[in-house]
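The values are calculated or read from the model by the stated rules, or taken from the named source; none is laboratory data. The structure displayed is predicted, hence computed values, not measured ones. Note that we place each Cβ from the backbone using ideal geometry, even for glycine, and neighbour counts take in every protein chain shown. These area figures cover heavy atoms from the full protein model, side chains too; ligands, DNA and RNA do not enter into them. Shrake-Rupley method; radii C 1.70, N 1.55, O 1.52, S 1.80 Å.
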Amino acid sequence: ISDQKPLGCWSVKHGQILTCPVVCNFETHEYIAVHDDKVLRIWKNEDINLDKAFKATLSADVYRIHSLPDAGPLVLFRGGGVRTLDVLLEAPQQEIENVISDEVIRWSGAFMEGQQPVLIFTTEKDEDFFVYVHKPKLSSLHKYKLEQQESSKPLCFTAHITNQTVTLLCLYSNDSVYQVLIPLQQDTEEEKEEILSKSLLLNFSVPGTVLKATSLVILDKDHVAVLGSLAVPEKEPRECLSIWNTKFQTLQTSKELPLGTSGQLWCYEEKFFLIHGKVLTVIMYKCETSSLAAAVGKLKDSQNPDVSSFVNWNTLEDEELVVSFQSQECVALKAEPKMNLRSRRSTVAEVQPETLSVGQLLLNLKDASTYVLETKLRQLMSKAPTPDLQATIGCVVTALTDRCKRNPKYYPQNFLLEIVETRDLSYSLCPDLMAVALEKKDMHLLQICLERFPDIPEEITYACLKAFLSISEAHLQNIDVDLDSVICYIDVEFDNKEVKTEIVENGFSAEMDQDMCDTKIPKEAQSRSDGDSCPVGLQKAALLNAVIHSAYTETFLLPHLKNLPAQQAILFLRYLYYLYVKCSEKVNTTLPGTRSPTVNQIMDWMCLLLDAHFTVMVMLPEAKELLSSLHKFVRAQVRFYSELNKIEGSLWELQRLNHLRESQTYSIEVLEII
């Protein structure tokens with residue numbers, strides 16, 4: 001979340017459907033999913049193919065899997081039966097009892113009461129609602145019936161457990177939240193069905209509107225959050241997220257969500273998670289101690305009506321990042337995902353009225369001259385370190401890139417380079433920087449960003465690769481590029497041509513393996529395709545190394561690589577092959593220099609490129625010799641390592657004998673390795 005970068009992606013086969021949310025087993029660090037109602041899948045983060053993951057077909061349909069940090073996952077079946085995952089895996093086809101009859105589960109939740117997991121779920125039958133409280137370890141199950149409400153019915157539920165009591169909150173269609181208290185009974189015998197009475201906790205009806213809520217979550221003992229839509233007569237419904245004070249019956253804060261949501265709201269570690277449009281949005285909040293002054297917005301420090309003391313809404317803003325700095329303690333999640341939203345009460349007092357905030361300063365400098373702008377920005381960055389300094393620098397870079405967009409003639413290359421090289425930035429702090437650098441064809445800045453930013457999207461990585469491959473060697477001669485990653489293994493004469501050196505690869509001899517490939521390669525073509533000469537110049541090699549060294553996720557990079565022109569793909573593969581040969585010269589398969597690609601990175605990129613362009617390369621005559629040489633070299637490597645594997649057992653045996661032999665005894669032994 002903090003780096004805004006996908007880490008993994010798994011898919012079921014065509015025709016299969018995931019039928020309940022995927023959860024993580026906190027004990028084993030595995031993912032658990034159910035597809036087609038009965039098929040259980042379990043896999044780890046390093047697994048790539050979901051079809052090859054552990055599979056178990058169950059005897060009944062699964063409704064939900066609940067995972068608790070201090071207990072094993074609980075599996076709730078549509079018939080109301082509950083099993084722990086461990087018990088279920090011992091006999092996947094075991095019979096699951098039907099607890100509910102003609103009832104449909106509407107909501108379920110899992111909680112911990114001491115060391116005991118408790119599963120609560122609600123059901124509906126003929127407009128009657130029931131509550132089940134299940135303790136799997138004690139085999140205890142209690143059923144209750146909710147008191148009916150005239151002309152309204154429950155829309156959603158949420159709950160928490162405190163002091164052996166379940167507090168169930170029910171959001172009804174009459175814009176009211178009712179509270180139901182259920183004592184956790186200790187006996188295991190099933191008692192007669194009880195009718196639960198409810199009390200009105202909150203009414204949030206807004207005059208002239210109808211709230212169609214879809215999600216309700218508890219924030220603390222005095223606050224709840226509601227995600228829903230406000231329907232106004234003769235107008236389209238407006239979805240919004242709101243926080244309500246249940247103690248004083250007041251709306252604390254709210255925000256419209258113009259792009260729409262999925263209707264789901266999650267809350268974890270003082271952060272909201274929701275789908276806004278097509279994006280997973282994370283919104284930080286901070287609940288203060290409930291007081292009447294806070295509830296009615298009359299706190300003395302509430303000087304800025306646009307900044308809520310509860311929620312940092314800036315994540316949802318589409319305006320410039322500078323707008324988010326209306327006060328120093330409110331930092332947009334876009335600007336610094338890892339920054340915590342502090343209480344206004346503890347920080348506003350420190351801000352002097354005459355002191356301009358960062359956002360106000362940047363807005364004032366929007367139309368300033370270039371000299372004044374850069375001078376003020378340098379002064380801003382030179383201040384003593386503060387918790388918000390990194391986000392402030394991100395906004396400084398954004399202010400510069402915004403000016404570049406407005407004025408095509410303006411481009412402070414040296415200033416931007418200085419900031420990126422001396423400050424600990426990330427892509428998410430200044431998302432427009434690399435796009436501007438690509439537009440200006442600033443190869444040096446792109447190289448530094450690739451080397452330093454940990455969270456570059458795969459689309460931008462591909463754009464950099466394409467730009468590096470397409471730029472001419474002649475143009476690169478006039479560009480200042482960091483050559484530290486290549487200068488130690490590519491020797492250059494005065495005329496900028498590489499000096500060919502004799503290569504002795506680990507396990508490879510051209511004479512020995514001449515018969516390994518059936519394809520006859522002309523000498524001229526072979527001289528172009530073998531790996532002893534670098535196919536690109538120093539500057540381009542350094543730029544390509546920055547791409548190879550950057551972080552990426554294969555699933556998301558591969559679709560972009562397929563768009564790489566065939567000639568550029570062949571050139572890049574030639575360079576990767578050259579690097580692979582260079583690595584094989586060394587016993588430790590490590591290239592010299594700083595930030596040089598590792599052999600694993602080289603191999604991963606070769607596989608990616610071949611996956612993306614294999615059909616095209618097989619068809620192109622100019623790629624045939626390259627693929628043939630690559631195949632011959634890899635095959636020789638495999639043969640060499642297989643020979644090493646044959647004597648591995650003997651070497652281990654020799655090491656074992658050395659441990660058994662007394663150190664005082666001197667002897668000379670001859671061991672024959674067969």
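Considering the Cα trace of segment 621-661, what is its radius of gyration and what is Dmax, both in angstroms?
18.1, 61
Return the subset of 409/440; 441/540; 466/624; 582/632 for which the Cα-Cα distance in this structure is over 18 Å, preserving the input order.
466/624, as the Cα separations exceed 18 Å there.
Which residue, 623, 647, 636, has the largest displacement toward the positive end of the dipole of segment 621-661 when charges sit on each Cβ (Lys, Arg +1; Asp, Glu -1)?
Of the listed residues, the answer is 647.
Counting only residues 5 or more places away or on other chains, whose amide H sits under 5 Å from the amide H of residue 146 once H atoms are built in the peptide plane?
129, 130, 131, 196
Probe radius 1.4 Å, ligands and nucleic acids ignored: give me the carbon and sulfur share of the accessible area of segment 578-652 as a rounded percent.
62 percent
Please find the FRET efficiency linking residue 238 to residue 459, where r is the Cβ-Cβ separation and R0 is fixed at 45 Å, and quote it to the nearest 0.05.
Working: r = 32 Å, r/R0 = 0.71.
Once the sixth-power term is evaluated, E becomes 0.90.
Give the long-range amide H neighbours of residue 219: residues separated by 5 or more places, or on another chain, with amide H under 5 Å away, using H modelled in the peptide plane at 1.01 Å from N.
224, 225
Please report the net charge: other residues with Cβ closer than 11 Å to the Cβ of residue 411, K and R +1, D and E -1.
+3
Evaluate the charge dipole of segment 621-661 about its Cα centre and quote only its size in Debye, nearest 20, assuming +1 on the Cβ of each Lys and Arg and -1 on the Cβ of each Asp and Glu.
140 debye
5 Å is the cut-off here: which amide hydrogens, built 1.01 Å from N in the peptide plane, fall below it relative to residue 23, excluding neighbours closer than 5 in sequence?
Placed amide hydrogens put 32 under 5 Å from residue 23.
Within 13 Å, Cβ to Cβ, of residue 204, how many net charges do the neighbouring residues add up to if Lys/Arg are +1 and Asp/Glu are -1?
Values: positive: 212; negative: 175.
Once all neighbours under 13 Å are counted, the net charge is 0.
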